[in-house]
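J.: Structure below; questions to follow.
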Amino acid sequence: MSIIYILWLRQLKRYFRSRSRIIGALGQPLLFLLALGFGLGSVFQKAGEGNYTVFLVPGIIAMSILFTALFSGIEIIWDRRFGFLKETLVAPVSRLHIMIGRTLGGTTVAVIQGLIVLGVSYFVGFRLESFGSFLLALLFMFLISLLFASLGGAIASVLDDMQGFQLIMNFLVMPLFFLSGAIFPMQDLPKFLTVIVRANPLSYGVDGLRGALVNGYHFGLGMDIIVLALVSAGLLALGSYLFSKVQV
């Protein structure tokens, strides 16, 4: 278990040592929050849907977590290129434990990023309903982070090129975000779009966060948790299997 702790702690140290990484990861969420929240707020309100900024905050938190968790996988490629991965793999420990440690490190970093966005949202008028809603939102942040950190690790395990990884991530991130209900209500969508949104695991994370923070569930609390937990477990297992085949 010590290797899990070491790898987890290593990723946290990397994160807190890089102030530019923390600030840079906030740029896009803040842009969406300000541009969409204030730009489309009046239209949303005229349609009888209430305060758009309040509606948007859970989706922007999910976006921040999505970006951070997915791109945490690039550290596998980075460590492979500079030799640290080889040193880790020759240790007398299970590769499953190595993958779990890396995934939990990426998960923790993504949760911290989500909490920072939640804190920043207070400056645009968002308010939590209760401490209980915060704890439930924290659970969903963890599940979203675990799911996409596992996915990022699985993809990175079969690649050895950082440019290729970034291209794949860019191809995945925007469709996952825009088709998750993060910026539009999931009610009364066209049938083909409803199918896509339901097939997107991020949709259940966004729905869970929105339900926890503003009491606006679409799929339901139980469904959100079950889907996120099952998909996370499946991707962690897949990532561990692919990581076990890594050659250095």
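We did not get these values from a lab; they are worked out from the coordinates using the rules stated. Quantities reported herein were computed from a predicted structural model and do not represent experimental measurements. All Cβ positions, glycine included, derive from the backbone under ideal geometry; neighbour counts span all protein chains shown.
J.: What does the C-alpha gyration tensor say about the overall shape of the range 161-242? Classify as rounded when a/c is under 1.5, otherwise prolate if a/b is larger than b/c, or oblate.
T.: oblate
J.: Using θ = phi - 60° and the Karplus curve 6.51 cos²θ - 1.76 cosθ + 1.60, what whole-Hz ³J(HN,Hα) does each residue of the range 119-128 get, with Gly and Pro shown as x?
T.: These are the phi-based 3J(HN,Hα) values: x, 5, 4, 5, 6, 10, x, 7, 9, 6 Hz.
J.: What spacing in nm lies between the two simple spin-label points modelled at ALA35 and SER244, each 7 Å away from Cα in the Cβ direction?
T.: 4.4
J.: Once you put a point 7 Å from the Cα of LEU167 and another 7 Å from the Cα of ASN215, both along the Cβ direction, what distance in nm separates them?
T.: Those two pseudo-labels are separated by 4.9 nm.
J.: Ranking VAL57, VAL173, VAL231 by Cβ neighbours within 10 Å, fewest first, what do you get?
T.: Ordered from fewest to most neighbouring Cβ atoms within 10 Å, VAL57, VAL173, VAL231 come out as VAL173, VAL231, VAL57.
J.: For an R0 of 30 angstrom, estimate the FRET efficiency from the Cβ-Cβ distance between LEU135 and LEU9 and round to the nearest 0.05.
T.: Working: r = 24 Å, r/R0 = 0.81.
Efficiency computed from Cβ-Cβ geometry: 0.80.
J.: With each label point set 7 Å from Cα along the Cα-Cβ vector, what nm distance links LEU193 and ILE225?
T.: 3.1
J.: Could you grab the relative contact order for the range 200-248? Cα pairs under 8 Å, six or more apart, rounded to a whole percent.
T.: Working: 27 pairs, mean separation 15.6, N = 49.
Taking the mean separation of contacting Cα pairs over the length of the range 200-248, I get 32 percent.
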